[in-house]
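Peer 1: Below is the structure I would like to discuss, written out as structure tokens.
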Amino acid sequence: MVTNRFITVSRDDGMIKAVFFDLWDTLLVDRGVFRGERNKVILEFLKSLDKKTTLEELDKLFTEVHDHIEAKYFGSVEKYRFGMGLSLIFERLGVEVDKETTKALEEKLWKLFLHEGNLRPHAKEILSYLKRRGYKLAVVTNWSTVRGNEAIDTFDLRKYFDSIVVSEDVGGEKSTTLPFRVALEKLGLKPEEVVMVGDRDDEDIFGAKLLGIKAVKIYGSHRVFGETRKADYEINDLIELKEILRSE
């Protein structure tokens with residue numbers, strides 16, 4: 001349930017003119033099986049190199065490497081350098097893998113990621129509703145340019161948005177406020193005219209609140225790596241945005 005009162009919205013005075021959306025864990029989610037399937041693929045690859053490990057050990061290593069990258073490169077697009085995560089996995093396991101093999105394996109995992117991903121319930125319903133109501137819509141996402149756009153197209157989301165801002169394109173993640181500032185400029189908006197919807201307290205909510213953008217947090221599974229701010233609203237389902245954005 002929505003855990004705050006409504007944002008007062010008048011289509012006449014134009015207080016709220018746009019809604020910005022995070023992509024992963026907000027509009028798109030994992031079906032719940034990617035992590036296990038990813039580990040099986042890597043385990044089979046390691047077996048081909050005569051490297052023994054277990055699914056449990058591999059899963060723990062992926063978490064450690066992910067957290068290391070997030071902490072070291074928090075806010076920076078350096079984390080999107082090709083093969084960083086897999087290279088660190090192989091390094092910690094003491095195996096040597098050439099760049100071409102790493103690239104092929106990374107692409108295989110990416111395709112698996114897309115296949116096992118899914119739209120969050122009511123995603124297209126709320127996007128269609130907001131467009132009909134005359135709101136400008138934007139994706140503001142922390143991702144690599146190529147993969148962020150491929151995910152958007154895979155799930156047929158591009159048609160809903162007036163602007164798409166990917167962190168790698170602009171040179172900084174949402175915690176730096178740069179993607180938000182680019183989206184505001186592209187759409188000719190002021191911060192007080194926008195609502196941001198995302199799952200991360202340290203990126204979506206923090207960056208938006210620094211600029212004076214109202215923030216709606218939707219439940220997600222991402223851990224916190226940077227400074228946080230409290231969202232104006234918290235929701236469990238995207239359809240609750242109708243209630244938040246309606247006129248009192």
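Peer 1: If you project the alpha carbons of the chain onto their three principal axes, what span does each projection cover, largest first, in Å?
Peer 2: Extents along the principal axes: 67, 30, 29 Å.
Peer 1: Related question: Just how many pairs of Lys in the stretch 106-176 have C-alpha atoms closer than 27 Å, counting pairs that are eight or more places apart or on different chains?
Peer 2: Counting lysine pairs in the stretch 106-176 gives 11.
Peer 1: Continuing with the same structure: Taking every DSSP beta bridge with both residues inside the chain, roughly what % is antiparallel (nearest 5)?
Peer 2: Rounded to the nearest five, the antiparallel share is 15 percent.
Peer 1: Using the C-alpha atoms of the stretch 102-157, what convex hull volume per residue, in cubic angstrom, is computed?
Peer 2: In the stretch 102-157, the Cα hull volume divided by residue count equals 83 Å³.
Peer 1: State, to one decimal in nm, how far the label point of GLU91 lies from the label point of ARG181, with both points 7 Å from Cα in the Cβ direction.
Peer 2: 3.1 nm
Peer 1: Further question: So, in nm, how far is label LYS60 from label ILE239 when the simple model puts each one 7 Å beyond its Cα toward the Cβ?
Peer 2: Placing both labels 7 Å beyond Cα along the Cβ direction yields 4.2 nm.
Peer 1: Okay, next question. Under 5 Å between amide H atoms, partner at least 5 residues away or on a different chain: which partners does GLY172 have, H built in plane at 1.01 Å?
Peer 2: Amide H to amide H, under 5 Å and 5 or more residues apart or across chains, GLY172 pairs with nothing.
Peer 1: Averaging sequence separations of C-alpha pairs under 8 Å and six or more residues apart, then dividing by the length of the chain, give the relative contact order as a whole percent.
Peer 2: 30 percent
Peer 1: Assuming 0.36 nm per residue, please report the length gained on full extension of the stretch THR228 to THR145 beyond their Cα-Cα distance.
Peer 2: Between THR228 and THR145, full extension yields an extra 27.4 nm.
Peer 1: Next up: For the pairs LYS40/LYS79; LYS99/LYS230; LYS103/LYS209; LYS79/LYS214, note any where the Cα-Cα span goes beyond 32 Å.
Peer 2: Pairs exceeding the cut-off: LYS99/LYS230; LYS103/LYS209.
Peer 1: Which of the listed residues, THR102, VAL165, VAL33, is farthest toward the dipole's positive end in the chain, when Lys, Arg count +1 and Asp, Glu count -1 at the beta-carbon?
Peer 2: Final value for the positive-end residue is VAL165.
Peer 1: Okay, next question. State the Kirkwood hydrodynamic radius of the stretch 34-117 in Å, one decimal place, computed from all pairs of distinct Cα atoms.
Peer 2: Every distinct Cα pair counted, the radius reaches 13.4 Å.
Each value in this text was obtained by applying a stated rule to the coordinates, not by laboratory testing. The structure presented is a predicted model; accordingly, all values stated were derived computationally and were not measured. Cβ coordinates were reconstructed from backbone atoms using ideal geometry, including for glycine residues, and neighbour counts include every protein chain displayed.
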